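The values are calculated or read from the model by the stated rules, or taken from the named source; none is laboratory data. Keep in mind it's a predicted model, so treat the numbers as computed, not measured. Positions of Cβ are generated from backbone atoms using ideal geometry, with glycine treated the same way; all protein chains shown enter the neighbour counts.
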Amino acid sequence: MADFKRKGRISPDIKLVIHQYRRKGFSCGKIRDLLYQHNAFQTSRISVWNIVRNQETKSKSREGTGTKVKEIHRQIIHSWMKENPEITSKVLRDRLKRKLNLIVSDRYVRRLRSEIGWTAKRTAYCQLISIKNKEARLSWCLNALAVKETFHDVIFVDETTVEMCSSGRLHFYHSKSEMQRLPSKQPKPKHSYKVHVWGGISYRGRTHICIFTGIMDSVIYQQILQRNLLTFTSSVFPEGFRLYQDNDSKHKSRSTRKWMEEVNILQNVMETPASSPDLNPIENVWSTMKYHLQTYVKPKTKDELVNGIASFWSTLTTADCTKYINHIHRVIPHVVLNNGEPTVF
């Protein structure tokens, strides 16, 4: 009976035999059998395939110029990425082959791109800011840093629109059988019910909330401030306050300014830069509220939506408000570093 060698580390002689069999057109399974019959060597089809694959990969890499990737190639990839940061590794691979006769794999291109310093990140969209507004944002933030602004007497107000949605941002599913296939998309009504929400936060807590429908004009905005802001400030800020609002036309209309002058709060309104939702901490409150509604409340009726909003607002503590407002002290330096450009917040 023949003394068969068990597979371990395959010797160069056996590798040579494998390559000879492969050039004759034998499959990996056939090569395994021939090694067993004629060379008294026992191995697996997978081991044979690994040796064949490595040899074929080396052969392909020699089809080009035979030159390894050099620093100039890295610089070219870097310049292509600077021209178009959304270019894929496949496009880079094809361009390297077409223009430089350099043959590399997708995986190697991704590794090169990472070594150069390019990191993939999901695109986050933000409001387009004009040059004029960039300058205003930069000036406002520089002034806030110069005077060491604390915002301790500031009330940040804003309004948002919330629509009825019973699906969260992320969901998991489990098939009950192999035949069952649940859709990856959640159903959404074509015309969902919407409400508008106005509110404000300060270091001393939250204002009263206003939930309404329809279109808000200057008169309605004044009524909201009268019922929800002034009743709050009279008890919480008896010594005075400052009002942070965005530059919406309803907020700065002649009618609104006249009303503010009549109730003696016009001088309390802060001059704020336009196109700056990242500088108003209540925007993060709205984001948290909408996540809460989508993930936990999942309103299916108008009452459930309104009650969900009111319930969330009632649980907003002074400590929560403080946490949200403290965030602006992180944003301001980033606006300065970005020369007024949008921040990641």
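One line per residue, one yes/no per condition, for (1) in a helix (DSSP H, G or I); (2) at pLDDT below 85; (3) buried (at least 17 other Cβ atoms within 10 Å of the Cβ):
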position: ASP3; (1), (2), (3): no, yes, no
position: ILE10; (1), (2), (3): no, yes, yes
position: GLN20; (1), (2), (3): yes, no, no
position: GLY25; (1), (2), (3): no, no, no
position: ILE31; (1), (2), (3): yes, no, yes
position: VAL48; (1), (2), (3): yes, no, yes
position: SER59; (1), (2), (3): yes, yes, no
position: THR65; (1), (2), (3): no, yes, no
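Just to be sure, is THR233 in a helix (DSSP H, G or I), β-branched (Val, Ile, Thr), assigned by TED's automatic domain parsing to the domain that holds SER139 and surrounded by 15 or more Cβ atoms within 10 Å (Cβ to Cβ)? Break it down stepwise before answering.
Working: in a helix (DSSP H, G or I): yes; β-branched (Val, Ile, Thr): yes; assigned by TED's automatic domain parsing to the domain that holds SER139: yes; surrounded by 15 or more Cβ atoms within 10 Å (Cβ to Cβ): yes.
Yes.
Scan segment 33-46 for residues that are touching a Lys or Arg at 6+ places or on another chain (Cβ under 7 Å) and assigned to a helix (DSSP H, G or I) and the total you get is 1. Could you check, for segment 294-302, whether at least one of its residues is assigned to a helix (DSSP H, G or I) and modelled with pLDDT of 95 or more? Within segment 294-302 (the criterion being assigned to a helix (DSSP H, G or I) and modelled with pLDDT of 95 or more), the answer is no, since none of the residues qualifies.
If you check TRP140, TRP118 for being of a type in the set (Phe, Trp, Tyr), modelled with pLDDT of 95 or more and within 29 Å of GLU341 (Cα to Cα), only one passes: TRP140. For segment 212-230, a residue qualifies if it is of a type outside the set (Asp, Glu) and not in a helix (DSSP H, G or I), and the qualifying residues are PHE212, THR213, GLY214, ILE215, MET216. Based on what the data block shows, is TRP118 touching a Pro at 6+ places or on another chain (Cβ under 8 Å), surrounded by 12 or more Cβ atoms within 10 Å (Cβ to Cβ) and part of a helix (DSSP H, G or I)? No: the conditions fail for TRP118. All conditions in (1) loosely packed, with under 13 Cβ neighbours inside 10 Å; (2) more than 13 Å from ARG206 (Cβ to Cβ) hold for THR315, with the sole exception of (2).
Scanning segment 269-291 for residues that are loosely packed, with under 13 Cβ neighbours inside 10 Å and closer than 20 Å to LEU229 by Cα turns up at least one hit. All but one of (1) among the aliphatic types (A, V, I, L, M); (2) farther than 30 Å from ALA319 by Cα; (3) at pLDDT 90 or above hold for VAL197, so report the exception by its number. Single failed check for VAL197: (2).
Give VAL109, VAL91, VAL69, VAL104 a once-over and let me know the one that is of a type in the set (A, V, I, L, M, F, W, C), at pLDDT below 90 and surrounded by 13 or more Cβ atoms within 10 Å (Cβ to Cβ). Before you say what the answer is, go through the steps one by one.
Values: VAL109 fails: at pLDDT below 90; VAL91 fails: at pLDDT below 90; VAL104 fails: at pLDDT below 90.
Selected residue: VAL69, the only one of VAL109, VAL91, VAL69, VAL104 that is of a type in the set (A, V, I, L, M, F, W, C), at pLDDT below 90 and surrounded by 13 or more Cβ atoms within 10 Å (Cβ to Cβ).
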